[in-house]
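Chemist: Take this structure, written in structure tokens, and hold onto it; I'll ask about it next.
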Amino acid sequence: MPDWLVSRRSKESEARDAALWSKCPKCGEVLYRRDLAANFYVCTKCDYHFRMGAYDRISTIVDGDFSEVGGDIVPGDPLGWVDKKTYPAKLAGDREKSGLSEAVVCGFGQVGGFDVGLGVMDFHFRGGTMGTVVGERIALLLEESRRRGVPCIIFTASGGARMEEGMLALAQMAKTSAAVTRFTEDGNFFLVVLTDPTTGGVAASFAFQADVIVAESKAMIGFAGRRVIEQTIRQKLPDQFQTAEFLLEKGAIDMVVERRALKDTLVRLLAYTTAVRR
Amino acid sequence: MSNNPIVEREKGLVELGRRIAELRAVNATQPVDMSAEIAALESKYQEILHEVFGALTPWEKVHMARHPSRPTALDYISQFERFDELHGDRQFRDDPSIVAGFAMLRGRPVMAIGQQRGRDTKENLRRNFGMPAPEGYRKVRRLARVASRLGLPIVTLVDTKGADPGITSEEHAQSEAIAMCLHEFTMARVPIVATVIGEGGSGGALALAIADHVIMLEHSTYSVASPEGCAAILWSDASKAEEAASRLKLTAQDLQRFGIVDEIVPEPLGGAHREPGATVARVLTVVDQAVKRLKALAPEELLEERYRKYRRLGEWQTGRRDRIGEGT
């Protein structure tokens, strides 16, 4: 593992790594932590895909170094939000818990020898919700990828727009869409990997504007949350509903890929769209 | 029985209005002079009107925006000089919660696109309470593209609780339908003027509202989620909707402060439905002025301005530059 990553690994994953064993939330199998990490955080017994931290994810995708952009952009408190806690207090808690400064990490690196812009969302920070900073960092990533003329890959994991920033959060759907339009209309390749879960304002903006949409197997993907739909129709939904496999069957995405095969898949796709290989 | 507090509070006024009318009739036909009583009741009426509607709370505005008599998209579209409705997404079906087509506004051809809720139960069922399905958003996208090609300004009327959250909508990729609407609106080479006339509910509203000029009626609302939805998401308690309404900053006045909204059109005291004709005319005048002003810009200028406008939105700080992974 490269030094930069070791230094950036979240406190949470450190804490998790310190514990020798992890229990699979799906099958209950007790897994040796090091085996789990070596297996890309996929349960060795039932193939359950654990939700990954952004830096853990980056380390499984990039060849070596990764230079972050927009990491210095941090949120304000435009609404002066207070419920049980203030919004700044909630953010402080998320920073502490996740070791991240916001719900997405963006930057540049190489994947299979191809230079790419890479954005990775992290569900552990405010449920991966998109507020101003997520929108701003993603717009920056797309603008900088366009300037460099490199493909852009974004891993999504999000509960949607962030309530605590109100309409300014919703406006990030417009901001990221505008940045995607400029990027793709210029002839650049935009690839999105949907991971568990991707819903609401992120699904309904840049995620589904990609040229190619890959989803991790079993990921939950949709517009409305499962609870909202069940309340609306007053009946329980089938288990398969809104899974990556379901979306593939309905024609909404290009392919479903298992995490262990993900990097190889990305490299194969990049090869079609990148003329010069280093 | 209505569960809309605005409707409930109007009942006293309606009753008072009826008594004033009765007294007037008596006054006109009988040899007694009741003008003093009438004047007293009229001043009482005005007093109550001001008291009830003079300073609406965000929660009251939510209900004003949902008022069953509030003018709907078709009430505006019917006041354009001409309108020829166009239908369908060319793939699956026509979604009646979206009304769209060629229209003539003050002598200028435009593409009018509106979200249409029902004005009664029967129409609400047909129009799915104004909650568009993916087919509706695909119709919007198709017609926005036609407008862009033909050089027709796009005029939208936003009024929805949100995009339809049903099973079929998920199967038909609601996220993709909205996402591609947003994409189309960011690249349309014609002026886009959006007006929130009632409820602007979340992404389902934004899909029609990426615009060069965003207008809101004084008592309309525009929000990241409905107050009920927000309360359910954050506190798992939809009954805290009133609290959510005040926290979300969903009023036109708040949103103008954030730069989300460019212009607010005033409503008559008591709400747009008290003087629908005048309200609709006022909105159309403001829309026409915005279109006229934007028409003067070249498409490249328009697109650049639109990009910058959305690029700026939000509140954030930048600290020191991160240097992760650079040569360590």
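Chemist: Do you know which of the residues in the stretch B:132-152 that are assigned to a loop (DSSP other than H, G, I, E, B) and out of contact with any strand residue (DSSP E or B) (no Cβ under 6 Å at 6 or more places or on another chain) is surrounded by the fewest Cβ atoms within 10 Å (Cβ to Cβ)?
Modeler: So, considering only residues that are assigned to a loop (DSSP other than H, G, I, E, B) and out of contact with any strand residue (DSSP E or B) (no Cβ under 6 Å at 6 or more places or on another chain), the one surrounded by the fewest Cβ atoms within 10 Å (Cβ to Cβ) is B:G151.
Chemist: Check B:F83 against each of (1) in contact (Cβ under 8 Å) with a residue 40 or more places away in the chain; (2) of a type in the set (F, W, Y); (3) crowded, with 16+ Cβ neighbours inside 10 Å and name the one condition it does not meet.
Modeler: Condition (1) is where B:F83 drops out.
Chemist: Filter the stretch A:219-237 for residues that are farther than 22 Å from A:F50 by Cα, outside any helix (DSSP H, G or I) and out of contact with any Asp or Glu (no Cβ under 8 Å at 6 or more places or on another chain); which is nearest to the other protein chains (Cβ to nearest Cβ)?
Modeler: Among those that are farther than 22 Å from A:F50 by Cα, outside any helix (DSSP H, G or I) and out of contact with any Asp or Glu (no Cβ under 8 Å at 6 or more places or on another chain), it is A:Q235.
Chemist: Sticking with this one: Can you pull out every residue in the stretch A:67-92 that is within 10 Å of another protein chain (Cβ to nearest Cβ) and either part of a strand (DSSP E or B) or among the acidic types (D, E) (or both)?
Modeler: If the condition is that a residue be within 10 Å of another protein chain (Cβ to nearest Cβ) and either part of a strand (DSSP E or B) or among the acidic types (D, E) (or both), then A:S67, A:E68, A:D72, A:I73, A:V74, A:P75, A:D77, A:V82, A:D83 are the ones that fit.
So that you can scan it fast, the table gives a plain yes or no per residue for (1) away from every other protein chain (no Cβ under 14 Å); (2) in a helix (DSSP H, G or I):
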| site | (1), (2) |
| --- | --- |
| A:D94 | yes, yes |
| A:F108 | no, no |
| A:L141 | no, yes |
| A:I153 | yes, no |
| A:A157 | yes, no |
| A:M167 | no, yes |
| A:Q172 | no, yes |
| A:K175 | no, yes |
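Chemist: Looking at (1) part of a helix (DSSP H, G or I); (2) surrounded by 14 or more Cβ atoms within 10 Å (Cβ to Cβ), can you tell me which one B:V26 breaks?
Modeler: Only one criterion is unmet by B:V26, namely (2).
Chemist: Output yes when any residue across the stretch A:262-274 is farther than 26 Å from A:N188 by Cα and surrounded by fewer than 19 Cβ atoms within 10 Å (Cβ to Cβ), and no when none is.
Modeler: No, because not a single residue in the stretch A:262-274 is farther than 26 Å from A:N188 by Cα and surrounded by fewer than 19 Cβ atoms within 10 Å (Cβ to Cβ).
Chemist: Further question: If you scan the stretch B:1-45, which residues turn out to be free of Cβ contacts under 8 Å to residues at least 12 places away in the same chain and among the basic types (K, R)?
Modeler: Of everything in the stretch B:1-45, those that are free of Cβ contacts under 8 Å to residues at least 12 places away in the same chain and among the basic types (K, R) turn out to be B:K11, B:R18.
Chemist: For residues in the stretch A:199-218 being in a loop (DSSP other than H, G, I, E, B) and surrounded by fewer than 24 Cβ atoms within 10 Å (Cβ to Cβ), which is nearest to the other protein chains (Cβ to nearest Cβ)?
Modeler: A:A210
Chemist: Now for a different question. Among the residues of the stretch A:110-139 satisfying the criterion of being assigned to a helix (DSSP H, G or I) and aliphatic (A, V, I, L, M), which is surrounded by the most Cβ atoms within 10 Å (Cβ to Cβ)?
Modeler: Once the filter is applied, the top-ranked residue is A:V134.
Chemist: Looking at A:V133, A:V180, which is the one that is within 11 Å of chain B (Cβ to nearest Cβ) and in contact with a His (Cβ under 8 Å, 6 or more places away or on another chain)?
Modeler: Only one candidate qualifies: A:V180.
Chemist: Of everything in the stretch A:183-198 that's part of a helix (DSSP H, G or I) and facing another protein chain (nearest Cβ under 9 Å), which residue is surrounded by the fewest Cβ atoms within 10 Å (Cβ to Cβ)?
Modeler: A:E185
Each value in this text was obtained by applying a stated rule to the coordinates, not by laboratory testing. As the structure is a prediction and not an experimental result, all values here were calculated from the model. Ideal geometry is used to build each Cβ from the backbone, glycine not excepted, and the neighbour counts take in all protein chains shown.
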